[in-house]
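Asks: First, the structure itself, so that you have it in front of you.
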Amino acid sequence: MAYYNKIWLLVLNDDVTKFLVCEPGALYIEKTVTQYIMPGGQFMEETVEECLKSEIREELGCDIDINSIEFIWDYIDVAASNPDRDVLIRLYKWLLVGTPMPSTEIWALHWIGKDDLTNEKVSPIIRNKIIPDLVERGILR
């Protein structure tokens, strides 16, 4: 069982060659995270929809189209905030409503793709598990 249990949102660009990641800022809850992560948050007792709607509003200033939900996969790997612990990421794809903008928790937004497999700024779970799986399944070109 993973120490951290999170839900992230996959936001693809129009030609599905890149997806959105966040660079955590000074007010990010887990201040030790310096690598790029995907938008989302800690999954507690709320529903997936409630969790992601709340986190996406907080982090990106957007809403999500609740009718466009698509579960992608569960991934487990080393946590970006603590290399001694594992994180379980439940990844969903939803359409954003609005233009994403960094918030007080997020320093910057970046678009990354399969060429970022060796980019050390990208968290281990994205490099090791998410990008390879998305490419293999044809979700990311």
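Asks: Name the residues in the range 67-124 that are crowded, with 16+ Cβ neighbours inside 10 Å and small (Gly, Ala, Ser), would you?
Replies: Answer for the range 67-124, where residues must be crowded, with 16+ Cβ neighbours inside 10 Å and small (Gly, Ala, Ser): Ala79, Ala80, Ser81, Ser103, Gly113, Ser123.
Asks: Please go through (1) farther than 13 Å from Phe19 by Cβ; (2) surrounded by 13 or more Cβ atoms within 10 Å (Cβ to Cβ); (3) in contact (Cβ under 8 Å) with a residue 12 or more places away in the chain; (4) out of contact with any Pro (no Cβ under 6 Å at 6 or more places or on another chain) for Arg57 and return the number of the only condition it doesn't satisfy.
Replies: Every condition holds for Arg57 apart from (3).
Asks: Please go through the range 113-129 and give me each residue that is over 17 Å from Glu23 (Cα atoms) and touching a Phe, Trp or Tyr at 6+ places or on another chain (Cβ under 6 Å), ordered by number.
Replies: Passing the criteria: only Lys129.
Asks: Also, I was wondering about something else. Identify all residues within the range 127-141 that are within 14 Å of the chain's Cα centre (by Cα) and either closer than 23 Å to Gly61 by Cα or free of Cβ contacts under 8 Å to residues at least 12 places away in the same chain (or both); write none if there are none.
Replies: Answer for the range 127-141, where residues must be within 14 Å of the chain's Cα centre (by Cα) and either closer than 23 Å to Gly61 by Cα or free of Cβ contacts under 8 Å to residues at least 12 places away in the same chain (or both): just Arg127.
Asks: Still on this model: Starting from the range 1-21, keep only residues that are surrounded by 20 or more Cβ atoms within 10 Å (Cβ to Cβ), then list their pairs with residues that are polar (S, T, N, Q) and not in a strand (DSSP E or B) whose Cβ atoms are within a distance under 8 Å, requiring at least 6 positions of separation or different chains.
Replies: These pairs meet every condition: Phe19/Asn13.
Asks: Taking Ala26, is it at pLDDT below 95, surrounded by fewer than 12 Cβ atoms within 10 Å (Cβ to Cβ), assigned to a loop (DSSP other than H, G, I, E, B) and among the small types (Gly, Ala, Ser)?
Replies: Details: at pLDDT below 95: yes; surrounded by fewer than 12 Cβ atoms within 10 Å (Cβ to Cβ): yes; assigned to a loop (DSSP other than H, G, I, E, B): yes; among the small types (Gly, Ala, Ser): yes.
So Ala26 fits the description; yes.
Asks: When you look at Gly40, is it touching a Cys at 6+ places or on another chain (Cβ under 9 Å), surrounded by fewer than 14 Cβ atoms within 10 Å (Cβ to Cβ) and within 27 Å of Gly138 (Cα to Cα), yes or no?
Replies: Values: touching a Cys at 6+ places or on another chain (Cβ under 9 Å): yes; surrounded by fewer than 14 Cβ atoms within 10 Å (Cβ to Cβ): no; within 27 Å of Gly138 (Cα to Cα): yes.
Spelling it out, it is not the case that Gly40 is touching a Cys at 6+ places or on another chain (Cβ under 9 Å), surrounded by fewer than 14 Cβ atoms within 10 Å (Cβ to Cβ) and within 27 Å of Gly138 (Cα to Cα).
Asks: Which numbered condition in (1) in contact (Cβ under 8 Å) with a residue 24 or more places away in the chain; (2) more than 22 Å from Arg127 (Cα to Cα) is the only one that Met44 fails?
Replies: So the condition that Met44 fails would be (1).
Asks: Can you find even one residue in the range 33-48 that is in contact with a Pro (Cβ under 9 Å, 6 or more places away or on another chain), in a loop (DSSP other than H, G, I, E, B) and modelled with pLDDT under 90? Full working, then the answer.
Replies: If we filter the range 33-48 for residues that are in contact with a Pro (Cβ under 9 Å, 6 or more places away or on another chain), which is where we start, we get 33-37, 39.
In the following step, the residues that additionally are in a loop (DSSP other than H, G, I, E, B) were identified as 33-35, 39.
Still in the list and also modelled with pLDDT under 90: 33-34.
Looking through the range 33-48, at least one residue is in contact with a Pro (Cβ under 9 Å, 6 or more places away or on another chain), in a loop (DSSP other than H, G, I, E, B) and modelled with pLDDT under 90.
The values are calculated or read from the model by the stated rules, or taken from the named source; none is laboratory data. Bear in mind that the values here come from a model prediction, so they are computed numbers and not experimental data. Every residue, glycine as well, gets a Cβ built from its backbone with ideal geometry; the counts of neighbours run over all protein chains shown.
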